[in-house]
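Q: Just passing along the structure, written as structure tokens.
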Amino acid sequence: MTSAALEQRCAALRQPVVDLVETGILATMKPSEIPVLRERIAAVQSVLSAGTDGIEEESYLSWHPVAIATLHRMEQAARAGDAAEAWRLFKEPTTGFFPLSQSCQGQPGW
């Protein structure tokens, strides 16, 4: 059973993460999209800034601080104009966003 707090967090992250995926791919082919990529990274960072209060699931609790660091590195890469590195960081199996998909599995839109 998923805690209500995690259900809410998954719902809050769903669209910002979808937008980040879309722009992450696009920016690797079209560098003019890097400013949008930075905005999308910031949108996910904003959701994560709410912290983990009420979330009980260890899978999410383990991922959350790693994700904050990964997003910071993604932002640095995007600022340097390296969309490919930002996308690589997103896709990294252990420090990227795959663990989030596991934590939110079964939630609407995931």
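The values are calculated or read from the model by the stated rules, or taken from the named source; none is laboratory data. Small disclaimer: the values here were computed from a predicted structure and weren't measured. Ligands, DNA and RNA are stripped out before the accessible areas are found, and what is left, the full protein with its side chains, is counted by its heavy atoms. Shrake-Rupley method; radii C 1.70, N 1.55, O 1.52, S 1.80 Å.
Q: With volume of the Cα convex hull per residue in Å³ defined as stated, name the option among (i) 329; (ii) 119; (iii) 81 computed from the structure displayed.
A: Among (i) 329; (ii) 119; (iii) 81, the one derived from this structure is (iii).
Q: Averaged per residue, what accessible surface does the chain expose to a 1.4 Å probe, in Å²?
A: Accessible surface, normalised per residue, equals 54 Å².
Q: Now a separate question. When a/c reaches 1.5 or more, the comparison of a/b and b/c decides; with that in mind, is the range 43-101 rounded, prolate or oblate per its Cα gyration tensor?
A: Values: a/c = 3.22, a/b = 1.73, b/c = 1.86.
Cα axes put the range 43-101 in the oblate bin.
Q: For the chain, what is the mean residue ellipticity at 222 nm derived from helices alone (per DSSP H run of n ≥ 4: -39500 (n - 2.57); sum divided by total residues; nearest 500 deg cm²/dmol)?
A: Here the helix-only value at 222 nm equals -23500 deg cm²/dmol.
Q: Quick one: with all protein chains in place, what share of the accessible area of the chain is carbon or sulfur, to the nearest percent (1.4 Å probe)?
A: Working: 3220 of 5910 Å².
Answer for the chain is 55 percent, counting heavy atoms of protein chains only.
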